[in-house]
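Worksheet for the structure shown next.
The values are calculated or read from the model by the stated rules, or taken from the named source; none is laboratory data. All values reported here derive from a predicted model rather than from experimental measurement. Positions of Cβ are backbone-derived with ideal geometry, glycine not excepted, and every protein chain shown enters the neighbour counts. The area values use the complete protein model at the heavy-atom level, side chains included, leaving out ligands, DNA and RNA. Shrake-Rupley method; radii C 1.70, N 1.55, O 1.52, S 1.80 Å.
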Amino acid sequence: MAKYEFQTEVNQLLKLIIHSLYSNKDIFLREIVSNASDALDKLKYLTVSDEAYKNIKFEPRIDITFDEKDSVLTVQDSGIGMTDEDLTNNLGTIARSGTKAFMEQLTAEASKDSALIGQFGVGFYSAFMAAKKIDVYTRKAAGDGKIWHWSSDGTNSYEIEEVAADSAAAKKYGFDKPELTGSAIEMHLNDDSKEFASRWKIEELIKKYSDHIAFPIYLHYEQKKYDDKGKETGSESKIDQVNSASALWKRSKSELKEEDYNEFYKTFGHDGQDPLHYVHTHAEGTQEYTTLFFVPQTAPFDMYQADYKSGLKLYVKRVFITDDDRELLPSYLRFVRGIIDSEDLPLNVSREILQQNRILDNIKSASVKKLLSEFKKMGEAADKAKKVEADKRTDDDKKAIEKWEKFVRNFNRPMKEGLYSDYANRDEIAEIVRFKSTDASGTGDGNYTSFADYVQRMKPDQKSIFYISGSDEKNLRANPLVKAYTDKGFEVLIMDDDIDDIVIPGFGKYKNEFELKAVNRSGSDEDLGGDKEEAKKKEEEFKPVTEKIKKALGDKVKEVKLSKTLTGENPSCIVVDENDPSYQMIQMMKAMGQAGPDLKPILEVNGDHPIVARLKDTSDEAVIADISEVLFTQALMIAGMEVKEPAEFVKHLNNLLSK
C-alpha cells in the first residue's frame, strides 16, 4: 500500500479527537451517516442532471453492519463513491481556508469542540473517537471501475491501495459486482467503544440523530431463534429499516414537534446544541416551495471569513442540487442554516441559471422578509418580557429574554451589514438591530436598545438621534462630548462595532424622519441650543487663544475652535469634520492594505477651563507650545486615537509640571 502523511492540521485535529473528546463520542455515528446521505444526494442529482450518470440505476440506501465478536462497525452507502485522488483530498486534507483559525477555536472542551468539528465539515474524523483503525472501501460512480482501499489508525499517516474485484474485501461489501458504487466505512472499535457494535445501541443512535435522513437506513443483524421451551436453536439473518426516511421539511407542521425540528437540525447542521430558532414555511400559488430555516445558538466559526461556507441546501422536488451557493440568501444572513426545496425549478439547473433565476429571486425575497419578521417578533417578545418586574417574570418571559440576548450577542453585527447592503429591507432591519446607550436600557452587560425605543425617549423638541462611534465602549462613554449631551438630557447611542462607521453614515435617517448625528463631528452641537449671539461673541473673544494653539500645532490639526459643548473639568476634545472619514474608518482601510488619508482632526477647547484661560494672557511661545500639545494629545487619548509622538507629549507635560 502507498503510504501518505496527513496534512498538519489533520494531525492536530486527530490528536485532539483521540485524546480529548471521548466523553461525547456518540456523535461519530451521526457524522458518518450524514456523510453517507450527502454521497447519495450528490449521486441522485448527477443521475438527473449529467449525461455521464444517467444510465446508472440509482438505488439509494445506507446499510449498517456490525460484528460484535471482533468489535467492527460498518456504514455503507450506494452513493457517489471516491477515486484515490478523492480519498486524499477528502480524508487526508482539510481543504478549507481558515483552517488555522478553526484549529485555534478547538479547546479540548468536549461539548463545544464536537459541534465545531461537524460544522467545519470534517465529521469523518470524529469516528476516531471510537475506532482504533478505519478502513474505507470505495468505487466512484461513472468512473473507471477501480476499487480503492484507504486505511489509517489515526496517527500520522494513511495508506491507499487498489483492491481487486475478486478479493475477499471487495466481495464482503458487494464490490465484486461492477455496477455497485459508493463507500463502506469499516470502523474497528477500541476497547472503550465496544458497545457500538450492538443492535440496540445502533438503533438508539439512529433514532436519536438520523431518523430524518431522507434515504432508508438498514440495520443488518443476527436474531437468535428459540424453541417453545426457551432453548436456543440457531439464528437467522435479518435486515430492518431503522429510520423513517422522510424529508422532514415536506411534512406538515401540525404533525411535527419541537424535538423533531431540534434533532433534524443537529444532524443537518452538525451541531450538538438545539437551534436558537427555526422557521418552517410552505408556499403555494404561482410558485410552490418549502423552506426550513434554523438560527444556531452560536455564530458559525467562519462567519467573518470572506469565503464562508453557505449553511443552506437547495433541493428541487426533494432532489439535492447544491450546498455551495451563497446567493440563496443575502450575505448578512449567512449565519442562517436550512433548506430551500422548490417544485418549479428545473432539475438540471446550473449555477449560472441559479444566479439569474426569477423563481429563485422570488423565493429569496420572500424568505428574507419572513426571517426578518421572525427576528423582529423575537425582539418584541423580549422587550415585552423585560417590562415585567424581574420577580414576576414567567419561564416564558425569561426564555424570550435569554433567546434574544443570544441572538444580539451573536448576530447583531452581521444584521447591521444589512442596513448598508439591503436597501429594500433596511426599514425592517432597522427595527431589529440593537445598540449600547447612555440610557439605562443600553448600559451594562447584555443590555441593548433599539432605534424605536430611543425615539420613544426623545425630548419633545429633539429632531435627531445622537450617537458616538469608536472602538472601545468604555472610552466612548467617558468621552467629554457624551457628557455634554447627557448633561442636557439627551441620550447618546454608543456604537463600538468596527462596522458602525461604515453602516450608520450610509443609513441616514430612521423612518425617513430622524437623522442620525455623531456627537464627535463638527456641527452636531447646533442641536444643543443655547444663545447663538452669546456663543458668537465668546468665539470672537477667544479667537486670539485659538489662533495661538493653531499656530503651535500647525498641520497636526485642521482647525482649533472654541467648544460650545465642553464644560467643567474637560479642557479639550477632538471632533472630525463632517466631510472627512472617521478615524475608525481610516484604521479599517489601513488594516485592509489600503492607503487611507491622513486624518486632520478639529481641536475644540473649553474657554472656561483654567488651562485654556492661562493662554489668554501669555505670549511665551514655549508655554503656548507646551499647553497646546498637552491639550491636543490628551484629547486624542480620550477619543481613542493614536498618539504618534508619545515622547513629545511627555516632554511638554514635564515642562508644564516643572514650572
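Values as computed for the structure displayed
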| read-out | value |
| --- | --- |
| Scope the stretch 393-437; condition part of a loop (DSSP other than H, G, I, E, B) and closer than 19 Å to LEU493 by Cα; matching residues | GLU431, ILE432, VAL433, ARG434 |
| Failed criterion for THR298 (all others in (1) under 27 Å from LYS25 (Cα atoms); (2) in a helix (DSSP H, G or I); (3) in contact (Cβ under 8 Å) with a residue 12 or more places away in the chain hold) | (2) |
| Residue match in the stretch 192-205 (condition: open to solvent by 30 Å² or more (accessible area, probe 1.4 Å) and within 19 Å of GLY123 (Cα to Cα)) | no |
| Matching residues in the stretch 496-517 - criterion: being of a type in the set (A, V, I, L, M), out of contact with any strand residue (DSSP E or B) (no Cβ under 6 Å at 6 or more places or on another chain) and open to solvent by less than 40 Å² (accessible area, probe 1.4 Å) | ILE499, VAL503 |
| Residue check for ASP307: within 21 Å of SER252 (Cβ to Cβ) and in a loop (DSSP other than H, G, I, E, B) | no |
| Identity of the residue in the stretch 280-304, open to solvent by 10 Å² or more (accessible area, probe 1.4 Å), closer than 21 Å to LYS250 by Cβ and not acidic (Asp, Glu), that ends up nearest to the chain's Cα centre (by Cα) | HIS280 |
| Check on SER437, open to solvent by less than 70 Å² (accessible area, probe 1.4 Å), more than 21 Å from the chain's Cα centre (by Cα) and over 26 Å from VAL576 (Cβ atoms) | no |
| Which numbered condition TYR209 misses (of (1) surrounded by fewer than 19 Cβ atoms within 10 Å (Cβ to Cβ); (2) touching a residue at least 24 places away in the same chain (Cβ under 8 Å); (3) not basic (Lys, Arg)) | (1) |
| Close pairs (6 angstrom Cβ cut-off, 6 or more residues apart or separate chains): within 18 Å of ALA622 (Cβ to Cβ) in the stretch 531-551, surrounded by 12 or more Cβ atoms within 10 Å (Cβ to Cβ) anywhere | VAL545/LEU615; VAL545/LYS616; LYS548/LEU615; LYS548/ILE624; ILE549/VAL560; ILE549/SER628; LYS550/VAL560 |
| Of all residues in the stretch 11-23 being part of a helix (DSSP H, G or I) and open to solvent by less than 50 Å² (accessible area, probe 1.4 Å), the one that is modelled with the lowest pLDDT | SER20 |
| Close pairs from the stretch 181-206: first modelled with pLDDT of 95 or more, partner in a strand (DSSP E or B) and among the acidic types (Asp, Glu), Cβ under 7 Å, at least 6 apart | GLY182/ASP77; SER183/ASP77; GLU186/ASP135; ALA197/ASP67 |
| Matching entry among SER49, SER71, SER78 (being in contact with a strand residue (DSSP E or B) (Cβ under 7 Å, 6 or more places away or on another chain), on the phi < 0 side of the Ramachandran plot and of a type in the set (Gly, Ala, Ser)) | SER78 |
| In the stretch 612-659, residue farthest from LEU566 (Cα to Cα) [restricted to those that are of a type in the set (D, E, K, R) and crowded, with 17+ Cβ neighbours inside 10 Å] | ASP626 |
| Every pair of residues 6+ apart whose Cβ atoms lie under 7 Å, when the first sits in the stretch 636-659 and is closer than 27 Å to GLU473 by Cβ while the second is open to solvent by 40 Å² or more (accessible area, probe 1.4 Å) and of a type in the set (D, E, K, R) | GLY640/ASP472 |
| Unmet criterion (only one of (1) assigned to a strand (DSSP E or B); (2) within 23 Å of GLY446 (Cα to Cα)) for LEU292 | (2) |
